[in-house]
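The structure appears right after this line, and notes come after that.
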């Protein structure tokens, strides 16, 4: 009997992190251009979906046989769930998994951003008499949103 040792390069976690970072960077760039964002859906519809798909595509262009060997079950589940109607290859299954991870992260981002958007503004905290915000008012800032996004 011959024993063989095989070394497999596993990039799944690294690629998921790359996906998340791409979404964060794209979202923050969008907000810099659209400081008056009133709803996460504005970003999601304008650029979010395309960004996730494009990033997933870029991550899946390399041979993903090693990852498929390690993660075939979750990759197959993601592929089946996507219902793309294309040939199942390791790369296509990986694309579906990356896209799934991207949209799951997008939902986390949406919750955090919607909470920030709904936080009080100067008008909300007007003390009612002087037209000035109450003493405990702290304005929403881009830097605050950036920190919230980067903490995800």
Item to check | Cα→Cβ-extended label distance, 7 Å offset, between residue 11 and residue 50, nm | outcome: 2.5 nm
Item to check | Relative contact order [Cα under 8 Å, 6+ residues apart], the chain, whole percent | outcome: 26 percent
Item to check | In degrees, nearest ten, helix 65-82 long axis to first principal axis of the chain (Cα) | outcome: 60 degrees
Next on the checklist: For the chain, take the longest principal axis of its alpha carbons; what is the angle in degrees between that and the long axis of helix 12-33, to the nearest 10 within 0 to 90?
Outcome noted: 30 degrees
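Rounded to the nearest 500, what is the chain's calculated 222 nm mean residue ellipticity when only DSSP H runs of at least 4 contribute -39500 (n - 2.57) each, over all residues?
So the helix-based figure for the chain works out to -20000 deg cm²/dmol.
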Item to check | Label-point separation, residue 61 to residue 143 (7 Å along Cα→Cβ), nm | outcome: 3.8 nm
Checklist entry - How many nm separate the modelled label positions at residue 69 and residue 151, each set 7 Å beyond the Cα in the direction of the Cβ? => result 4.2 nm
Checklist entry - In degrees from 0 to 90, rounded to the nearest 10, what is the angle of the helix 49-59 Cα long axis to the longest principal axis of the chain? => result 30 degrees
Checklist entry - Of 56, 29, 78, which is the most mobile in a GNM of the chain whose springs link Cα atoms less than 10 angstrom apart? => result 29
Checklist outcome for this item: Using the Kirkwood radius over Cα pairs of the chain, the Stokes-Einstein translational diffusion coefficient at 37 °C and 0.692 mPa s, in µm²/s and rounded to a whole number, is 183 µm²/s
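Rule-based calculations on the coordinates, nothing more; no lab input. If you're wondering where the values come from, they're calculated on a predicted model, not measured in any experiment. Heads up, the Cβs are rebuilt from the backbone with ideal geometry, glycines too, and the neighbour counts pull from every protein chain shown.
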